[in-house]
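Asker: This is the structure I want to talk about, given as C-alpha cells.
The values are calculated or read from the model by the stated rules, or taken from the named source; none is laboratory data. None of the values given here were measured: they were computed from a predicted structure. Reconstructed Cβ throughout: ideal geometry from the backbone, glycine too, with neighbour counts over all protein chains shown. Surface areas here come from the heavy atoms of the whole protein model, side chains and all, with no ligands, DNA or RNA. Shrake-Rupley method; radii C 1.70, N 1.55, O 1.52, S 1.80 Å.
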Amino acid sequence: MQAIIVDDSKAMRAILRNMMEDLGFAVWEAGGGAEALDLLRHQGRPDVALVDWNMPGMSGVDLIRQMRADPLLEGLRILMVTTEVEAARVAVALQAGAQEYLMKPFTAETLQEKLSLLGLRKG
Amino acid sequence: MKKEDFPFLRQLAREMSGISLTEDKAFLVESRLEAFASREGVASVDDLIRRLRQEPLNGLHQRAMEALANHETLFFRDIAPFEILRRWIVPEILSRGSSGGRVSVWSAACSFGQEPYSVAMLLREHFPALHDSALRLVASDFSTVAVERAASGRYSQLEINRGLPAPYLLKYFEQHGLEWQLRPEIRRMVEFERLNLLNTLPAAAPFDIILLRNMLIYLDLDLRRSVLGRIRRALKPDGFLFLGISESTFGIDDGYSPVAVDNGCYYRLRPTGGLL
Ligand SMILES: C[S@@+](CC[C@H](N)C(=O)[O-])C[C@H]1O[C@@H](n2cnc3c(N)ncnc32)[C@H](O)[C@@H]1O
C-alpha cells in the first residue's frame, strides 16, 4: 500500500514516514500542496494521503479540495493530521473532502486506529 | 513493597476483581499502588498494605483493587464487532417476530464508556427507531471511578482521537475547551451501573447481545470459566456474545459455539448449553 505525506515540517514527515513504514506502507513525501499535486500527477493515486493543515502557500484544506476535484484521484482516502482542534475546523476539513481527522499530538497507535477507520489495515 | 506482601495482594485481587496478579507484574502493581496511596493521602505503599491487612474489608480495599485494573479502551475498538452488529445481528433480531422490535444490549466491562457509547451512536445512526422502550442498553464495570467517568460522557482530546469516526465527533459531541462532551441524546440511551462480574448480573438480564471484551484476559482460567458460566445465564437462548480479539471460550466453556463472520467472530449458546 502507498501513502503520500504532505507536511511542511521535515521532522513531522520523518515521524509519519517511520510510523507508516512500520505499518507496511510505501511512502512518498511532499513539503507542500504544489509539490504534492506534482508528485501525484507523476506517480498516480496512492491509497491514502496524510495532509497537514497549516503550510506556507497552499493550505492543506485547499490541497484536499484540489485532490477531490481531480478524477484521477478518485477513491483516494484522505486523513487530515493537524494541530487544529476546534470542532468548526474539523467540519471544514470534512466538507473539503477529508474522511478522517487526527489531532496532534498522536501516537503510532492512534494513527493506525484512524487508518483502520479508513478501511486500511495492517498487513 | 515487601516480598511477602505480593501473595496477599494477589489473593485480595483474586477475590475482589478476579484480576490475576502474576509475579512479573509486581513492578506495575507497586507503581499503581504508589499513585493510589498518594491520591488517598496514605504515606507509602507499605502503610497502605498494612491498613489493607489490618482493616476488615471496606471501601479502601475496593478502591485499591480498582486502581490495579487496566481500563484501556477506545471507541469502535476492533471495528469488526460493530460492523457485524450493524450488518447482521441487529437486523436479524428485529426481523424475529418474537423480538417485538426491541433490542437489549449489555456492555459488561465498559471501562470509561467508549464501548457502550459506540453501540449507542451506531444504533442512532443506522436504526433510529431503536430508542426509549425499544432499546435497553446497559453498561457496567466493577470500578466506581470508571462507571462515574463513563456516565459523565466527557472525553479528552486523546480519547476522541482514538477510534471515533470524525463525522460522529461532529454530530454527537460538543466541545468544551479541551474536552468533548457527548450529547444528551446519546448519553440518555445508556444506563450505567457498578457491577462485579464475579458475582452479579444486571437486573435487566437476559440480553440479546452481550459485549464482554478485554476483561477475561486479566483472569485466571477458573475465574474465566465461572464468569462465562454466569454470562450464559444473562444471554437469551438465541442471543449473541462478543469477546475481545484475543479471547475465546475454547477449552473454557463448551456451552458456546463460535461463529465467524466478515472479519470477526461472535458466540452463540449451544442448544442445550443455556438450559442445564
Ligand atoms: C481493558 S477494559 C475493557 C473495556 C472495553 N470492554 C474494551 O474492550 O475496550 C477492562 C475493564 O474490566 C473491568 N473489570 C475488571 N474486573 C472486573 C470485574 N470483576 N467485574 C466487572 N468489571 C471488571 C475493569 O475495571 C476495566 O474497566
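Asker: Accessible area, 1.4 Å probe, largest first: how do A:Asp52, B:Asp46, B:Asp262 sort?
Answerer: B:Asp262, B:Asp46, A:Asp52
Asker: Here's a follow-up. If you add up the charges near A:Met67, with Lys and Arg at +1 and Asp and Glu at -1, over every other residue whose beta carbon is less than 12 angstrom from its beta carbon, what do you get?
Answerer: +2
Asker: Answer with one residue from B:Ile93, B:Cys110, B:Ser140: the one whose Cα lies farthest towards the positive end of the charge dipole of chain B, charges on Cβ with Lys, Arg +1 and Asp, Glu -1.
Answerer: Looking along the dipole axis, the top candidate is B:Ile93.
Asker: Also, I was wondering about something else. About its Cα centre, what dipole magnitude does the stretch B:80-275 give when the only charges are +1 on Lys and Arg Cβ and -1 on Asp and Glu Cβ, stated in debye to the nearest 20?
Answerer: Value, rounded to 20: 300 debye.
Asker: Can you give me the accessible area per residue for chain B, using a 1.4 Å probe, in Å²?
Answerer: Each residue of chain B exposes 45 Å² on average to a 1.4 Å probe.
Asker: Out of all DSSP beta bridges in the protein assembly as shown, what portion is antiparallel? Express it as a percent rounded to 5.
Answerer: The answer is about 30 percent antiparallel.
Asker: Quantify, in whole percent, the carbon and sulfur part of the accessible surface of chain B (1.4 Å probe; protein heavy atoms only).
Answerer: 53
Asker: A follow-up question, please. Positive end of the dipole of chain B, charges at C-beta (+1 Lys, Arg; -1 Asp, Glu), about the Cα centre: which of B:Gly153, B:Leu21, B:Ile186 has its Cα farthest in that direction?
Answerer: Looking along the dipole axis, the top candidate is B:Ile186.
Asker: Nearest 10 degrees is fine. How inclined is helix B:26-40 to the longest principal axis of chain B, computing both from alpha carbons?
Answerer: The answer is roughly 90 degrees.
Asker: Which far-off residues, 5 or more places away or on another chain, put their amide H under 5 Å from the one on B:Leu235, with H placed in the peptide plane?
Answerer: B:Phe207
Asker: If I build a Gaussian network model for chain A, linking alpha-carbon pairs within less than 10 angstrom, which residue out of A:Val81, A:Val92, A:Val27 has the largest mean-square fluctuation?
Answerer: The residue that fluctuates most here is A:Val92.
Asker: Applying the Karplus parametrisation 6.51 cos²θ - 1.76 cosθ + 1.60 with θ = phi - 60° to the phi angles of the stretch A:22-32, what ³J(HN,Hα) value in whole Hz is obtained for each residue in order, glycine and proline being reported as x?
Answerer: For the stretch A:22-32, the Karplus curve yields 4, 8, x, 8, 8, 10, 10, 10, 9, x, x Hz.
Asker: Roughly how big is the stretch A:2-117's charge dipole about its Cα centre, with Cβ charges of +1 (Lys, Arg) and -1 (Asp, Glu), in debye to the nearest 20?
Answerer: I would put it at about 120 debye.
Asker: Still on this model: Given H placed on each backbone N at 1.01 Å, which residues far from B:Ile210 in sequence or on other chains put an amide H within less than 5 Å of it?
Answerer: B:Trp106, B:Phe240, B:Leu241, B:Phe242
Asker: Accessible area of B:Phe76, 1.4 Å probe, to the nearest 10 Å²?
Answerer: 20
Asker: Given a Förster radius of 41 Å and the C-beta distance between B:Asn196 and B:Gln54 as r, what FRET efficiency does 1/(1 + (r/R0)^6) yield to the nearest 0.05?
Answerer: Approximately 0.95, to the nearest 0.05.
Asker: Check each of the trypsin sites (Lys or Arg not before Pro) in the stretch B:6-108 and keep only those in coil by DSSP with at most 16 other C-beta atoms within 10 angstrom; list them in order.
Answerer: Of the trypsin sites (Lys or Arg not before Pro), the ones in loops of the stretch B:6-108 whose Cβ has at most 16 other Cβ atoms within 10 Å are B:Arg96, B:Arg102.
Asker: In degrees from 0 to 90, rounded to the nearest 10, what is the angle of the helix B:45-54 Cα long axis to the longest principal axis of chain B?
Answerer: Approximately 80 degrees, to the nearest 10.
Asker: Would you kindly derive the ³J(HN,Hα) couplings of the stretch A:76-82 from the backbone phi angles with the Karplus curve 6.51 cos²θ - 1.76 cosθ + 1.60 (θ = phi - 60°), listing them in order in whole Hz, with x for Gly and Pro?
Answerer: Along the stretch A:76-82, the couplings run 5, 8, 10, 10, 7, 10, 7 Hz.
Asker: Just to confirm a number: summing +1 for Lys and Arg and -1 for Asp and Glu over residues other than B:Phe173 whose beta-carbon lies under 11 angstrom from that of B:Phe173, what do you get?
Answerer: That sum, taken over residues with Cβ under 11 Å, equals +1.
Asker: Would you pull out the residues with amide H under 5 Å of B:Val261's amide H, same chain only if 5 or more places away, H placed 1.01 Å from N?
Answerer: Answer set, sorted by chain and number: B:Tyr266.
Asker: Moving on. About its Cα centre, what dipole magnitude does the protein assembly as shown give when the only charges are +1 on Lys and Arg Cβ and -1 on Asp and Glu Cβ, stated in debye to the nearest 20?
Answerer: It works out to roughly 960 debye.
Asker: Show me, for the stretch B:6-11, the HN-Hα J-couplings you get by feeding each phi into the Karplus relation (A = 6.51, B = -1.76, C = 1.60, θ = phi - 60°), rounded to Hz, glycine and proline as x.
Answerer: Karplus values, whole Hz, x for Gly and Pro: 4, x, 5, 5, 4, 5.
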